[in-house]
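Colleague: One structure follows; several queries about it will come next.
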Amino acid sequence: MELSCPGSRCPVQEQRARWERKRACTARELLETERRYQEQLGLVATYFLGILKAKGTLRPPERQALFGSWELIYGASQELLPYLEGGCWGQGLEGFCRHLELYNQFAANSERSQTTLQEQLKKNKGFRRFVRLQEGRPEFGGLQLQDLLPLPLQRLQQYENLVVALAENTGPNSPDHQQLTRRWFLRQGWLLVVPPHGEPRPRMFFLFTDVLLMAKPRPPLHLLRSGTFACKALYPMAQCHLSRVFGHSGGPCGGLLSLSFPHEKLLLMSTDQEELSRWYHSLTWAISSQKN
């Protein structure tokens with residue numbers, strides 16, 4: 001049903017125009033940053049991973065500990081970019097969701113990666129010389145390998161911000177709307193779970209548009225899945241009631257969020273006020289997306 005407004009200005013049409021401008025701006029930023037991200041992934045894959053494999057400077061276990069799922073993440077970006085270039089954001093991002101486990105694996109391995117890098121730089125003279133030589137290439141713009149390794153985790157945060165902004169400015173009648181609001185990953189990070197009795201326990205949380213996943217790291221000596229997370233609980237966002245217990249205003253004391261479900265109540269705490277606010281915003285958006 002079309003809305004008609006008397007006179008030359010219509011608030012509804014003006015609002016739609018603002019949404020469309022924001023959507024176009026966000027889509028352009030997503031495309032441009034994905035191109036740069038893929039370029040950086042490719043540089044590391046070519047000048048570090050590829051040459052290390054050919055030269056044998058690092059044994060396969062150390063190379064895997066250092067780079068984790070880097071090449072697979074590079075492949076995921078290569079699949080996504082043509083969709084973004086063709087303006088098929090919803091279809092591209094929906095397909096990209098199946099690669100999110102690669103980022104979970106990469107996040108679980110990040111501390112081990114940095115530790116391996118420092119150990120090898122310290123004790124492996126050939127590797128140290130190789131790294132310094134590659135870091136001096138003009139393609140890297142002065143960045144060191146330790147600066148490049150966190151790129152996928154930084155990009156994951158950018159994905160969250162850009163996709164949420166894209167979805168918020170996409171109307172329900174758009175062909176991209178369902179794909180942008182369906183099972184999309186929003187945020188991950190550590191939060192403290194406050195039990196009825198005892199001390200708060202750190203847990204890793206993964207927030208999607210429809211569920212919140214709580215996980216804990218597997219033991220370092222796990223034979224097959226060391227460095228990964230085990231799912232402990234899934235919470236449906238459609239049944240969630242969210243409130244702030246404290247932490248409404250800025251300050252150094254952090255805050256506490258209450259998430260109520262039909263058969264369970266979850267209290268999540270963070271000592272970082274800004275991080276708590278970002279979680280609150282993402283949770284609020286996930287809940288509202290399930291009610292639309």
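The values are calculated or read from the model by the stated rules, or taken from the named source; none is laboratory data. Predicted model only: the values in this text are computed from it and were never measured. Backbone-built Cβ (ideal geometry, glycine too); neighbour counts: all protein chains shown. Note: accessible area is taken over every heavy atom of the protein model, side chains too, but ligands, DNA and RNA are not part of it. Shrake-Rupley method; radii C 1.70, N 1.55, O 1.52, S 1.80 Å.
Colleague: Please note which helices (runs of 4 or more DSSP H) are completely contained in the stretch 93-210 and include at least 3 residues that are of a type in the set (S, T, N, Q), touching a helix residue (DSSP H, G or I) at 6+ places or on another chain (Cβ under 7 Å) and more than 30 Å from Leu257 (Cα to Cα).
Modeller: Output list reads 100-123.
Colleague: When the residues of the stretch 81-107 are filtered to those that are hydrophobic (A, V, I, L, M, F, W, C) and over 16 Å from Arg23 (Cβ atoms), which remaining residue is surrounded by the most Cβ atoms within 10 Å (Cβ to Cβ)?
Modeller: This residue is Phe106.
Colleague: Tell me whether the stretch 108-119 contains one or more residues that are surrounded by fewer than 17 Cβ atoms within 10 Å (Cβ to Cβ), modelled with pLDDT under 85 and more than 27 Å from Pro82 (Cβ to Cβ).
Modeller: yes
Colleague: While we're on this one: Output the number of the condition that Thr57 fails; it satisfies all remaining conditions of (1) in a helix (DSSP H, G or I); (2) farther than 23 Å from Glu168 by Cα; (3) open to solvent by 10 Å² or more (accessible area, probe 1.4 Å).
Modeller: (1)
Colleague: Filter the stretch 7-28 down to residues that are in a helix (DSSP H, G or I) and either open to solvent by 100 Å² or more (accessible area, probe 1.4 Å) or modelled with pLDDT under 85 (or both), then give me how many there are.
Modeller: Total satisfying the criteria: 14.
Colleague: Kindly indicate the residue of the stretch 10-62 that is basic (Lys, Arg) and in contact (Cβ under 8 Å) with a residue 24 or more places away in the chain and also nearest to Leu143 (Cα to Cα) among those meeting that condition.
Modeller: Filtering first and then ranking leaves Arg35.
Colleague: While we're here: Does the stretch 149-168 contain at least one residue that is over 28 Å from Leu213 (Cβ atoms) and open to solvent by 10 Å² or more (accessible area, probe 1.4 Å)?
Modeller: There is no residue in the stretch 149-168 that is over 28 Å from Leu213 (Cβ atoms) and open to solvent by 10 Å² or more (accessible area, probe 1.4 Å).
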